[in-house]
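One structure below.
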Amino acid sequence: MTAYDLIRPLLFRLDAETAHRLTLPLLAQLARLPLAAPRHSAPIRVMGLDFPNRLGLAAGLDKNGEAIDLWFSLGFGHVEIGTVTPRPQPGNPRPRLFRLPEARGVINRMGFNNHGIDALLSQVARARRPGILGINIGTNADTPIEHATDDYLMGLAKAYGAADYITINISSPNTKNLRDLQGGAALNLLLGRLKAEQTQLTDRHGKYTPIAIKIAPDLDPTQIEEMAALFRRHRIDAVIATNTTLARHGVEHLPHGCEAGGLSGAPVFSASTRVLSAFHKALAGEIPLIGAGGVLCGADAQAKQAAGASLVQVYSGLIYRGPSLIRECIEALAVAP
């Protein structure tokens, strides 16, 4: 039994968002304990960046970059902070975060609550960053969807010099109409403007910061083929598969199972891995993939790798497993064929 196993029952007696807020200082204390290093931790080069290992923290757990050094101290090879928007916003009304312990799942409708990109960048400037840092950017809730690209361009410009890579979140189900950007002319326009801005920013900063796109698990085969073609055409640097799902298969009967928002954790594993595998086939190895969604053990991480992921990210699994999940996944990914 780990220290987190002892703490978790106490945390689960609290409202999920309150427990989330209290977890960071608790993890900070755990990180001060002598942690056994993974026996195997193979580095890998992805997007032109050297990752100490294949495991990363998914965006959403540290929206404001308040614990960057803590996450690296726990062993992550990369840490993705955000989603952050150009202006601060409170997000959706509480309650907006719900655990489904029987299914090892989480439903959230946070709504990109964050302190704004300027506050996040001040946190980044103070961090030591012994690994790869990603910044996940989104659009403000009161920005009309037809002007969403302007928010992304603003976030890209501000984060470009500070980030090792930047993720464009077009797949959160908790910002109205955001997922409309995942297809057709809207996606083509967004990608074209992002890549044009990336070229200008590369010249200005004297460095190339890769762009990743985070997609939803609720995609059909036709959508996947169309999106993959656009990612290849615009030479996107990576695809993160996936965000949370709107589906409720297998959890409808559980307390909070029908709450509005995105479902993550174990219930999304199959759908997210299916989409990951489909993009791996559609992209034919031209663009690296980052697997996220439902990783709660080393075998889950290996399954993402087998489906085509070069890197794997965790978030909800930490709620149920704590820091021991990190070492387990790092070792599993290092020894996987």
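Annotations
- Globularity index of region 1-156, i.e. its alpha-carbon radius of gyration over 2.2 N^0.38 Å: 1.13
- The residues neighbouring Ala282, those whose beta-carbon lies less than 11 Å from its own, together hold a net charge of -1 under the Lys/Arg +1, Asp/Glu -1 convention.
- Full-stretch length increase - Asp142, Asp220 - with 0.36 nm per residue and alpha-carbon distance subtracted: 25.2 nm
- Once all protein chains are placed together, Leu219 keeps about 10 Å² accessible to a 1.4 angstrom probe.
- Contact order relative to length of the chain, as percent, for alpha carbon pairs under 8 angstrom and 6 or more apart: 18 percent
- Surface analysis of region 247-337 yields an accessible area of 36 Å² per residue, using protein heavy atoms and a 1.4 Å probe.
- Basic side chains Lys and Arg get +1 at the Cβ, acidic Asp and Glu get -1 at the Cβ, and with that the dipole of the chain about its Cα centre reaches some 500 debye.
- Per-residue accessible area (protein heavy atoms, 1.4 Å probe) orders Lys176, Lys158, Lys63 as Lys176, Lys158, Lys63, starting from the largest.
- Carbon + sulfur, % of accessible area of the chain - ligands and nucleic acids excluded, 1.4 Å: 55 percent
- Think of the chain as a dipole: +1 on every Lys or Arg Cβ, -1 on every Asp or Glu Cβ, centred on the Cα centre; then among Gly206, His78, Ala307, His78 lies furthest on the positive end.
- Ranked order, Cys258, Cys329, Cys297 - accessible area, probe 1.4 Å, largest first: Cys258, Cys297, Cys329
- Every Cα-Cα pair of the chain was included, and the share exceeding 38 Å stands at 7 percent.
- Which of Lys281, Lys207, Lys214 is most accessible, then next, and so on - probe 1.4 Å: Lys281, Lys207, Lys214
- For region 76-135: span of alpha carbons on each principal axis (Å, largest first): 38, 29, 13
- Among Ala157, Ala238, Ala196, residue whose mean-square fluctuation peaks in a GNM of the chain (springs only between Cα atoms under 10 Å): Ala196
- Of the complete DSSP H runs in the chain, those spanning 15 angstrom or more by Cα along the long axis with a mean Kyte-Doolittle score not below 0.5 are 16-31, 269-283, 324-335.
- In this calculation the C-beta distance from Arg87 to Met1 is compared with R0 = 25 Å, giving a FRET efficiency of 0.05.
- With the whole protein complex present, Arg99 retains an accessible surface near 40 Å², based on a 1.4 Å probe.
- In Å², nearest 10: area of Tyr208 left accessible to a 1.4 Å probe: 110 Å²
- DSSP bridge orientation in region 99-230 - percent antiparallel, rounded to nearest 5: 20 percent
- Here the relative contact order of region 85-163, from alpha carbon pairs under 8 Å that lie six or more residues apart, stands at 35 percent.
- Over the chain, dividing the summed -39,500 (n - 2.57) contributions of all DSSP H runs of at least 4 residues by the number of residues returns a 222 nm mean residue ellipticity of -12000 deg cm²/dmol.
- Taking the DSSP bridge list for the chain and keeping only pairs wholly inside it, about 30 percent are antiparallel.
- Net charge contributed by nearby residues that have their C-beta within less than 11 Å of Asn174 (K/R +1, D/E -1): +4
- Residues of region 111-161: accessible area per residue with a 1.4 Å probe, Å²: 39 Å²
- On the beta carbon distance between Ala229 and Val335, with R0 = 25 Å, the FRET formula returns roughly 0.10.
- Placing R0 at 35 angstrom, the Cβ-Cβ distance between Arg39 and Arg13 gives a FRET efficiency of 0.50 after rounding to 0.05.
The values are calculated or read from the model by the stated rules, or taken from the named source; none is laboratory data. Bear in mind that the values here come from a model prediction, so they are computed numbers and not experimental data. No Cβ is skipped: glycine too gets one built from the backbone with ideal geometry, and neighbour counts run over all protein chains shown. The protein model used for the area step is the full one, side chains on, heavy atoms only, and it has no ligands, DNA or RNA in it. Shrake-Rupley method; radii C 1.70, N 1.55, O 1.52, S 1.80 Å.
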